[in-house]
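Just so you know, all these numbers are worked out from the coordinates, no wet-lab data involved. Small disclaimer: the values here were computed from a predicted structure and weren't measured. Counting neighbours? That spans all protein chains shown, and the Cβs are built from the backbone with ideal geometry, glycine included.
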Amino acid sequence: MNKKRLLIFGIILLFGLGSFYIYNKVLYKEGRNVGQETSAFVLPASGLISQYKSDVAGSDKKYLNKTIEIEGKITEISDSAITLDSTVFCGFDKKVNPKNQNGKVRIKGRCIGFDEMFNEVKFDQCIILE
């Protein structure tokens, strides 16, 4: 009877420790830091949108979830987002305040795909490079 209780306690303990490990190391692992990653591609905003408009599936295969540097003219600024050339939406984690509010800017971020409703390519985790 005592061995049976010890075995059940051991199984419950192992299950609890395994669940704790999975919860902390797998489900809530540290996220990507796009700012420290090397860019897979460097291209102008106009080139990126033209590729997406001609072949969405092919462009997704090439750019989706990749760190990309894009350059373009700022056409719209909100608290935490910038739109380049009216076609590339760049979302930031913090409030954004570019130095050159109506000029060209270079931004690094993670491509999250083409939004057909707004007809623009979307990026998140963006940082301003210059």
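At a glance:
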{"item": "Residue with peak Gaussian network fluctuation, the chain [Cα springs, cutoff 10 Å], from 49, 11, 68", "result": "11"}
{"item": "J(HN,Hα) series, the stretch 107-121, from Karplus relation 6.51 cos²θ - 1.76 cosθ + 1.60, nearest Hz, glycine and proline x", "result": "10, 10, x, 9, 6, 10, x, 9, 9, 5, 5, 9, 6, 9, 8"}
{"item": "For residue 113, distant residues with modelled amide H under 5 Å away", "result": "65, 122"}
{"item": "Relative contact order of the stretch 9-84, defined on C-alpha pairs under 8 angstrom at six or more residues apart (%)", "result": "27"}
{"item": "Distant-in-sequence amide H partners of residue 106 (H built 1.01 Å from N, under 5 Å)", "result": "129, 130"}
{"item": "Alpha-carbon centroid distance for the pair the stretch 12-44 / the stretch 76-130, whole angstrom", "result": "25"}
{"item": "Cysteines in the chain lacking a second Cys C-beta under 4.7 Å", "result": "111"}
{"item": "At R0 = 22 Å, FRET efficiency that the Cβ-Cβ distance of residue 77 and residue 41 yields, to 0.05", "result": "0.35"}
{"item": "The chain - mean residue ellipticity at 222 nm from DSSP helices (-39,500 (n - 2.57) per run, n ≥ 4, rounded to 500)", "result": "-9000 deg cm²/dmol"}
{"item": "Gain in span if fully extended, residue 27 to residue 55, counting 0.36 nm per residue against the direct Cα distance", "result": "6.7 nm"}
{"item": "Average Cα contact separation per residue, the chain, under 8 Å, 6 or more apart, as relative contact order %", "result": "22"}
{"item": "The stretch 87-100 - phi-based ³J(HN,Hα) in whole Hz, Karplus 6.51/-1.76/1.60, Gly and Pro as x", "result": "9, 10, 9, 10, x, 10, 6, 10, 4, 10, 8, x, 5, 9"}
{"item": "Residue-wise HN-Hα coupling along the stretch 15-28, computed from phi with Karplus coefficients 6.51, -1.76, 1.60 (Hz; x: Gly, Pro)", "result": "4, x, 5, x, 5, 4, 4, 4, 4, 7, 9, 9, 6, 10"}
{"item": "Principal axes of the chain: Cα extent on each, largest first, Å", "result": "78, 34, 28"}
